[in-house]
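Only one structure is covered here, and it is reproduced in the block below.
No lab work stands behind these numbers, since they all come straight from the coordinates. What you see is a predicted model; the values in this text were computed from it and never measured. Every residue, glycine among them, receives a Cβ derived from its backbone with ideal geometry; neighbour counts consider all protein chains shown.
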Amino acid sequence: MQRGLSSAIVMVNEHRFMIDCGEGTQRQLLRSGLGFRRLDKILLTHGHLDHILGLGGLASTLGRWETLEELHIYAGDPALQRVQRLMEVVFGEGQIPNVGISLNLLT
């Protein structure tokens, strides 16, 4: 049995919006040929790990390539809290990758 990743890209004009960011999302983006350009907004449907584990690696990659000033992440409160903890584990408490991360509450 094969299982797909918990992630999707929605393209509107020149903008790319990601829905969820499961582990392995970067690999699939590269494999698809979409890459990371113009990707600056991520909507999280919820905070389960299979929907957020790719965020740390993606933020690190975007910061390393210096293609983006700020990554906007939109989610409900429980998911945002989990993302904050994940970023602290990935980058160290108080450490921020070379890209700003904006956590935005959806109500």
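Structure summary
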read-out: Selection of GluC sites (Glu not before Pro), the stretch 25-90, meeting DSSP coil and at most 14 other Cβ within 10 Å; value: GLU66, GLU69
read-out: Segment GLU70-THR45, length gained on full extension (0.36 nm per residue, minus Cα span); value: 7.0 nm
read-out: Long-range HN-HN contacts of ASP40 with modeled amide H, under 5 Å; value: ARG16
read-out: Calculated [θ] (222 nm, deg cm²/dmol) that DSSP helices of n ≥ 4 give over the chain, each run adding -39,500 (n - 2.57); value: -10000 deg cm²/dmol
read-out: Amide N of the stretch 49-91 lying under 18 Å from the label point, which is placed 7 angstrom from the Cα of ARG38 along Cα→Cβ; value: 67-72
read-out: Exposed-loop-free span, longest in the chain, where trypsin sites (Lys or Arg not before Pro) count as exposed if DSSP calls them loop and at most 16 other C-beta atoms lie within 10 Å; value: 39-107
read-out: Shape of the chain, Cα gyration tensor, a/c cut at 1.5; value: rounded
read-out: Length added when fully stretched, LEU30-GLU14, from 0.36 nm per residue minus Cα-Cα; value: 4.0 nm
read-out: Unit charges on C-beta of K, R, D, E only; dipole of the chain, Debye; value: 380
read-out: Among LEU80, GLY24, LEU62 the positive-end extreme of the charge dipole of the chain (Cβ point charges); value: GLY24
